[in-house]
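In what follows, a structure is listed as structure tokens, so that the remarks can point back to it.
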Amino acid sequence: MASRAIIRGAPKYRQIFKRLARDIASGKYAEGQKLPSEATLLRQFGASRIAVGRAVRELKDHGLVQRVAGSGTYVQTHPADAAGALFGLLSPDL
């Protein structure tokens, strides 16, 4: 399976993080879409629960996903860095 040999020599959690981040960026997982469960990711990547959990935490820390207790992990609909793209117009005569 291609998921198992992503980056040779990199820690497993980093391999999983990079693969999921790439899948999100490519649109494989759309905004608001639920990611596969941790159990599914464990099987998909042949990794430990610790490695999968750390990868998902890193995705969250990078603003790519949000975790909803009791529901799952979802692709962030408004990435954290999008806030910097907002702008305003000031008009002194208004």
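The values are calculated or read from the model by the stated rules, or taken from the named source; none is laboratory data. Given the structure is predicted, the values throughout are model-derived calculations rather than measurements. Positions of Cβ are backbone-derived with ideal geometry, glycine not excepted, and every protein chain shown enters the neighbour counts. Accessible surface areas use protein heavy atoms only, side chains included; no ligands, DNA or RNA. Shrake-Rupley method; radii C 1.70, N 1.55, O 1.52, S 1.80 Å.
Annotations for the structure displayed:
- Rounded to whole Hz, the Karplus (6.51, -1.76, 1.60) HN-Hα couplings of segment 56-68, x for glycine and proline: 5, 4, 5, 4, 5, 4, 8, x, 8, 9, 10, 9, 10
- Between Ala25 and Ala39, full extension at 0.36 nm per residue minus the direct alpha carbon distance yields a gain of 2.8 nm.
- Converting phi to 3J(HN,Hα) with the Karplus coefficients 6.51, -1.76 and 1.60 and the offset θ = phi - 60°, segment 33-40 yields 6, 6, 6, x, 5, 4, 4, 5 Hz in sequence order, with x at every glycine or proline.
- Reach of Lys60 by Cα under 16 Å, taken over lysines that are not fewer than 8 positions away in the same chain: Lys18, Lys34
- Given a 1.4 Å probe and the protein chains as shown, Glu38 ends up with an accessible area of around 50 Å².
- Rounded to whole Hz, the Karplus (6.51, -1.76, 1.60) HN-Hα couplings of segment 12-20, x for glycine and proline: 4, 4, 5, 4, 5, 4, 4, 5, 5
- For Gly70, net neighbour charge (Lys/Arg +1, Asp/Glu -1) across residues whose Cβ lies under 15 Å away: +1
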